[in-house]
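The values are calculated or read from the model by the stated rules, or taken from the named source; none is laboratory data. As the structure is a computational prediction, the values presented were derived from the model and not from experiment. Here the Cβ positions follow ideal geometry from the backbone for every residue, glycine too, while neighbour counts run over all protein chains shown.
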Amino acid sequence: MSMMLDKRLRSPDESGPECEAREGRRQVSFLQVRRFAGAMLLLACAAVWFLLLRPPVLGGSASFIGVHGVSMTPTLHNGDLAIVEKQAHYGVGDIVAYRIPEGDPGAGQNVIHRIVGGSGSTGFVTKGDHNSYTDHFWHPKAAAVIGKVWFHIPEGAAWLAQLHHPITLAIVVSVASFLVIAWPTRRRDDGGSHANEEQVGPSTESEVENEQEGCNTDSAPVLQRC
């Protein structure tokens, strides 16, 4: 019996409260690492947007132009979202977005076509990839060019247009509001559970020590009788 008691003192039960407390601390560390990684990813996305995709109104050079019509198929399709960058120079072969100058038909509208001739000083000659003719009425100069198409997002403009619908806008606002309200609550809950987990360790050790002392006290008479 004394050997069994000694084995119990040397090898505590791994499935007891101490093991549960250790597992709880491991889960807390995992949550902290996951939150840190998420924060770093968000920061990286914000940096990329700030450096590459910032619009001119915020001091950047990127503009977002929706594609309307079929004049640029198969390169661009109706509903695509083109991201254009302001350039110092434009040349033949560049797909550019420009604003129709005042006094020309359709003045003020944006057009995305390819440069096939001309110059920035006298006016570019542009043409849609799907068209068999050049733009007769429009010869934009460099000042009227918004930028060169950098890349495009298929159906991007169509998706953004959905935000103007009341139902879609209401859904987006509802989801965003839920995340804003639920996130602090989740953090408070985690904080409470962490505090409870930290308190488990000392109380568990005290219970183990008391149990060991009780076993040692009870074992003395047993050893004496043996």
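Values for this structure:
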read-out: Count of the stretch 55-113 residues which are in a loop (DSSP other than H, G, I, E, B), touching a strand residue (DSSP E or B) at 6+ places or on another chain (Cβ under 8 Å) and not basic (Lys, Arg); value: 18
read-out: Hits in the stretch 114-137 - residues which are part of a loop (DSSP other than H, G, I, E, B) and β-branched (Val, Ile, Thr); value: Thr122, Thr134
read-out: Filter pass, Phe36 being assigned to a helix (DSSP H, G or I), over 30 Å from Lys148 (Cα atoms) and modelled with pLDDT of 70 or more; value: yes
read-out: Identity of the residue in the stretch 74-101, in contact (Cβ under 8 Å) with a residue 24 or more places away in the chain and surrounded by fewer than 15 Cβ atoms within 10 Å (Cβ to Cβ), that ends up nearest to the chain's Cα centre (by Cα); value: Lys86
read-out: Failed criterion for Val173 (all others in (1) hydrophobic (A, V, I, L, M, F, W, C); (2) in contact (Cβ under 8 Å) with a residue 24 or more places away in the chain; (3) exposed (fewer than 12 other Cβ atoms within 10 Å of the Cβ); (4) more than 21 Å from His77 (Cα to Cα) hold); value: (2)
